[in-house]
Amino acid sequence: MNFFIENWLLIAVAFVSGGMLVWPLARGGGGAGAVGASEAVRLMNREKAALIDVSEPREFGASHAAQARNVPIGQLETSKDLPSNKALPLVVVCPTGARSGRAAATLRKMGYANARALAGGTAAWREAGLPTEKSGSAAA
């Protein structure tokens, strides 16, 4: 018991850091409504979901999921490349999944109620054995 009293600060730091590590997992690893690669493919095949890549053009050109449209995250609110039908499901992807959760939240605020992030991003897409492409027009 003396150990806990003398080291309460270290114990508190350990709990806080552990909580910070577990928090993204508890949230679903990509924000609310994040989907895995297999669920994303199901949405694309059965519900005609659009795949929106929010990477910067250079990242998109280096490697992206096949059939993805590039709409950089900073241009979401002004882009004309988003589907006009806001009821259409959107799967939002970026290289690691870090930006796609924020982008999906932005899209939901814009009225795309079915916007979901791809958990793990393009890396998870590639690990699932799904096709990727490179764009020749990746000048930046």
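Only one of these is more than 21 Å from Gly111 (Cα to Cα) and out of contact with any helix residue (DSSP H, G or I) (no Cβ under 6 Å at 6 or more places or on another chain): Ala87, Ala62. Name it. First the steps, then the outcome.
Working: Ala87 fails: more than 21 Å from Gly111 (Cα to Cα).
Exactly one of Ala87, Ala62 is more than 21 Å from Gly111 (Cα to Cα) and out of contact with any helix residue (DSSP H, G or I) (no Cβ under 6 Å at 6 or more places or on another chain), namely Ala62.
Which of the residues spanning the stretch 71-100 are touching a residue at least 40 places away in the same chain (Cβ under 8 Å) and closer than 18 Å to Ala123 by Cα?
Scanning the stretch 71-100 gives Val91, Val92, Val93, Cys94, Pro95, Gly97, Arg99, Ser100.
So Lys86 ticks every box in (1) assigned to a loop (DSSP other than H, G, I, E, B); (2) charged (D, E, K, R); (3) out of contact with any Phe, Trp or Tyr (no Cβ under 9 Å at 6 or more places or on another chain) but one. Which box is left unticked?
Checking Lys86 against (1) assigned to a loop (DSSP other than H, G, I, E, B); (2) charged (D, E, K, R); (3) out of contact with any Phe, Trp or Tyr (no Cβ under 9 Å at 6 or more places or on another chain), the one that fails is (3).
Across the stretch 90-122, what is the total count of residues that are in a helix (DSSP H, G or I) and of a type outside the set (A, V, I, L, M)?
8
Of all residues in the stretch 66-111, which are within 15 Å of the chain's Cα centre (by Cα) and hydroxyl-bearing (Ser, Thr, Tyr)?
Of the stretch 66-111, the ones within 15 Å of the chain's Cα centre (by Cα) are 68-74, 76, 89-108.
Passing the criteria: Thr96, Ser100, Thr106.
Name the single residue that is surrounded by the fewest Cβ atoms within 10 Å (Cβ to Cβ) among those in the stretch 30-78 being aliphatic (A, V, I, L, M) and in a loop (DSSP other than H, G, I, E, B).
Among those residues, the one meeting the criterion is Ala66.
Where a number appears in this text, it was derived from the coordinates with a stated rule and is not lab data. If you're wondering where the values come from, they're calculated on a predicted model, not measured in any experiment. Every residue, glycine as well, gets a Cβ built from its backbone with ideal geometry; the counts of neighbours run over all protein chains shown.
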